[in-house]
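**Q** Take a look at the following structure, please.
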Amino acid sequence: AARNVDGRVILYADRITGSMERAMNETARRREKQEEYNALHNITPTTIRRNIGDIIAHVSQGDQVTVPIDDDRPHMVGHNLRAYIEDLEKQMRKAASDLEFETAGRLRDEIRQLENDELGLPSHEQKAPLMGRSNEGKPGTRKTRFGKQAKMRMGGKRSR
């Protein structure tokens with residue numbers, strides 16, 4: 001009703017309960033207050049009229065993604081990318097056989113980067129953070145109440 005110019009609301013019920021009566025009285029009080037404010041400031045309530053194209057353009061704004069392309073490396077997809085990677089592998093093997101290990105290493109890194117890009121993997125390896133060591137599942141330990149560890153002897157009895 002707040003966005004409707006007529007402010008019309010239809011309630012379906014067998015009888016008006018106390019909570020419904022209080023809600024309707026509160027709504028009437030707020031409406032009266034709003035009408036006084038509108039009259040004092042010369043405001044005429046109107047509905048919002050928007051072109052559907054504006055709404056769709058606003059919602060679909062985040063649907064597009066711009067991906068930067070390196071100028072020094074050709075942008076290829078599918079079979080072209082596979083052929084380019086195979087060509088780089090041949091160059092890498094030739095460089096290694098000619099004892100040009102720096103060039104071979106650079107080509108190897110470029111091949112890995114291209115393959116990771118093709119698979120959608122991150123460009124750098126991420127290792128799991130090192131946390132404390134756990135005794136979970138190690139022989140001679142067993143969880144008891146409240147997560148405490150108890151040393152066990154053979155036969156399953158606790159040591160003191």
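FYI, it's all coordinate maths here, none of it is from the lab. All of these numbers come straight from a predicted model, not from anything done at the bench. A quick note on method: Cβ atoms are made from the backbone with ideal geometry, for glycine too, and the neighbour counts reach across all protein chains shown.
**Q** Quote the convex hull volume per residue of the range 79-119, based on C-alpha atoms, as a whole number of Å³. Spell out each step's value before the answer.
**A** On the way: hull volume 1.7 nm³, N = 41.
Output value, Cα hull per residue: 42 Å³.
**Q** Also: What order, most packed first, do the peptides 35-47, 99-111 have when packing is the mean number of other Cβ atoms within 10 Å of each residue? List each step's numbers first, then the result.
**A** On the way: 35-47: 9.5, 99-111: 13.8.
Taking the mean over residues of other Cβ atoms within 10 Å, the ranking is 99-111, 35-47.
**Q** Any chance you could run the full-extension gain for ASN116 through ARG22? It's 0.36 nm times the residue separation minus the Cα-Cα distance, nm to one decimal.
**A** Contour length minus Cα-Cα distance gives 27.5 nm.
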